[in-house]
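Working notes for the structure below.
The values are calculated or read from the model by the stated rules, or taken from the named source; none is laboratory data. For clarity, every value in this text was computed on a predicted model and none was experimentally measured. Because the Cβ atoms are built from the backbone with ideal geometry, glycine has one as well, and the counts that use them run over all protein chains shown. Note: areas computed on protein heavy atoms with side chains; ligands, DNA, RNA excluded. Shrake-Rupley method; radii C 1.70, N 1.55, O 1.52, S 1.80 Å.
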There are 2 protein chains.
Amino acid sequence: MRPVAQNPHPDPLPEYPATGEKSCVPFFGDAMAEMFADRLVAAIDQKKAPICVGIDPIFEMLPDAVAGSREDRDANDAEGAIDAIFDFTAAVLKIVAPLVPIVKFQSAYFEKYYAEGVEAYYSLVQEAKELGLLVIGDVKRGDIGSTASAYAAGHLADGPYGEQEEMVTPDAITVNPMLGLDTLEPFVKTAKEYRKGLFVLVRTSNPGSADFQDVLLEDGRTWSEMVADKLAPVAEGMVGASGFSSIGAVVGATQTHTMESLRKRLPKSIFLLPGYGAQGATAEMTQAAFINGSGAIVSASRSILYAHREKKYEGVGDWKKCVERAVVDMKADLAGVVKKAYCGGLPARLT
Amino acid sequence: MRPVAQNPHPDPLPEYPATGEKSCVPFFGDAMAEMFADRLVAAIDQKKAPICVGIDPIFEMLPDAVAGSREDRDANDAEGAIDAIFDFTAAVLKIVAPLVPIVKFQSAYFEKYYAEGVEAYYSLVQEAKELGLLVIGDVKRGDIGSTASAYAAGHLADGPYGEQEEMVTPDAITVNPMLGLDTLEPFVKTAKEYRKGLFVLVRTSNPGSADFQDVLLEDGRTWSEMVADKLAPVAEGMVGASGFSSIGAVVGATQTHTMESLRKRLPKSIFLLPGYGAQGATAEMTQAAFINGSGAIVSASRSILYAHREKKYEGVGDWKKCVERAVVDMKADLAGVVKKAYCGGLPARLT
């Protein structure tokens, strides 16, 4: 319904590969590189890190230096809380921008503060994009027909003309497929139109996810496997020059028992793997999601954002140093896995 | 995490039953009547209409009298669109408040306009409650652990202290259960604490809902039936004096093949039945959802909001008259069904 506006904030294309740089990655060309999947694959290569930093800003967990000491901190001072969340997130973005290709904003922690929180969400999405980061809006929306179109307009389309023209939305959002394939269509349409991406929930990382996602169907597949099978042709329709689709899948890094099966069923989808760190998944557990060392991003939120609270980062320095160190450690931790995922050895770009 | 604030906007209890009024409905008493399910059952009886009006304000479909003629209307003038949506919705609420017990706001049509739209959403929720209507926020949220708690805080809890103390949230919200029973817990906890309600998606009304909800499990149940079975004990934990639970279920009125089965599996849940009218469900199709003429609300959005666009309401008067007539017609249409659902005849309160 919205016209295709000239995007006032074109996605900052990674400068990779620079002329003369030794690399085994094909250059996709300007037009094709604009597809979300291609931009993401290029950014992962540029940053040499298949890592997504999850932005889950929880006022009660923020460093004292940002939100005040425990005695001074008033969780019921909403304006103060939003300001602290804003400052904290903006600082985190600056720290991680040179290190990782993409961040994921958890919408709930902003919606908690009503419209004011939502305003902060969009401002911070813009900050992240201006820093050259790709952005996922973790909104897990899903609804029928024109309602899904309205969600896609608000969360994925570029801003329309008029006073909201400059509105910046994420490069991709998470969507919930429970309502059916027809309810994904409006999201896919918007993603195509604006060269954005989707990450469809296929198997989540939480302990109770087995309740409704691991149940066995009469044909022997799990419910999640069936969702993956139905999603595969949709993903096939948005494959870019990188060989990956802009229709990705959320698969909990904790779900090792089904990772290989889901990867086989969705060979073109980039897997977004939450659950690393605070939720207990290790680097090793993500291995089956990678295809020749590519096609997956491991997401970590609290183990990075709140590294200053962890014993192992005592003495590292202030909270910002702890965030940086946690990302660097995660990158090193994953390097071995990515390496193993290459049968023929690691390409130069990821050494 | 949020403290229990004194609610500055106590839910307006329906005045029913007035002393001396002849009725077969038990008076639940002040304390018990505060449970969402009891308030809803009482309000249905008071208004003599098991009807929920769906607030799906779509700028392009608004009456010319509100949004200007087709030539003047500029969908890219976001401020103008939000103003028109606000005025339209406020007028609809005034028309339907004396006629129906409850309205359902579709969040997507507000989120489409970013933070400004969300601000309008909360203002209109407050307007509705001040008019004595119960309110459902159709947000279909669902996420893990503390993320679900954050959604519950923003969409279901009363406003915290401080400058957001006066924030008014809906009496109930819709939630998506795909992620698992553990992801419903934070919503249930908040609903209990604030005497609010939930409507859990069990079987949606859209054509594609069969894709993932009607698949047969190895034990012969459909996926939706399994969800219903797992939800039943959760609902059992929040049953009020009315005999109904504040944990309700969304079951598309279009899904007649499974309505009886789901009703048996969820005997205590109030069914919210979308799909009447524009989506094709008839009054007759909702019958199996009612238990002795009670325990269900039929939701209609476009057939009421945009009645002025329908041929059968030509000549009725302006758009407001059309809205009113559509509600009155729906009420009459459903009366017969409710009547049939009583084996022993219709109680005085619903004649």
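Quick notes
- Within the stretch B:126-152, the set of residues being part of a helix (DSSP H, G or I) and surrounded by fewer than 24 Cβ atoms within 10 Å (Cβ to Cβ) comprises B:Gln126, B:Glu127, B:Lys129, B:Glu130, B:Gly145, B:Ser146, B:Ser149.
- Residues in the stretch B:169-204 that are facing chain A (nearest Cβ under 7 Å), of a type in the set (S, T, N, Q) and open to solvent by 10 Å² or more (accessible area, probe 1.4 Å): there are none.
- Residue in the stretch B:257-265 that is touching a helix residue (DSSP H, G or I) at 6+ places or on another chain (Cβ under 8 Å), at pLDDT 95 or above and within 14 Å of another protein chain (Cβ to nearest Cβ) present: no
- Unmet criterion (only one of (1) over 12 Å from B:Val323 (Cβ atoms); (2) open to solvent by 40 Å² or more (accessible area, probe 1.4 Å)) for B:Lys94: (1)
- Unique match (being surrounded by fewer than 17 Cβ atoms within 10 Å (Cβ to Cβ) and farther than 22 Å from B:Lys47 by Cβ) among B:Glu225, B:Glu236: B:Glu236
- All positions within the stretch B:50-80 that are small (Gly, Ala, Ser), in contact with a Gly (Cβ under 9 Å, 6 or more places away or on another chain), away from chain A (no Cβ under 12 Å) and more than 19 Å from B:Lys321 (Cβ to Cβ): B:Gly68
- Residue in the stretch B:214-221 that is within 14 Å of chain A (Cβ to nearest Cβ), out of contact with any Asp or Glu (no Cβ under 7 Å at 6 or more places or on another chain), farther than 28 Å from B:Thr147 by Cα and in contact (Cβ under 8 Å) with a residue 60 or more places away in the chain present: no
- Among (1) assigned to a helix (DSSP H, G or I); (2) surrounded by fewer than 24 Cβ atoms within 10 Å (Cβ to Cβ), the one test that A:Tyr121 misses: (2)
- Filter result for B:Gly220 (assigned to a loop (DSSP other than H, G, I, E, B) and within 27 Å of A:Leu181 (Cα to Cα)): yes
- Evaluated against (1) more than 10 Å from chain B (Cβ to nearest Cβ); (2) under 24 Å from A:Val168 (Cα atoms), A:Ser301 falls short on exactly one condition, (1).
- Residue check, B:Val337 at pLDDT 95 or above and on the phi < 0 side of the Ramachandran plot: no
- For the criterion of being open to solvent by 40 Å² or more (accessible area, probe 1.4 Å), outside any strand (DSSP E or B) and within 14 Å of chain A (Cβ to nearest Cβ), B:Ala115 fails.
- Those residues of the stretch A:118-168 which are facing chain B (nearest Cβ under 10 Å), within 23 Å of A:Asp83 (Cα to Cα), of a type outside the set (D, E, K, R) and in contact with a Ser or Thr (Cβ under 7 Å, 6 or more places away or on another chain), in sequence order: A:Tyr121, A:Val139, A:His155
- For the condition over 30 Å from B:Lys189 (Cβ atoms) and either in contact (Cβ under 8 Å) with a residue 60 or more places away in the chain or within 11 Å of another protein chain (Cβ to nearest Cβ) (or both), B:Gln287 does not qualify.
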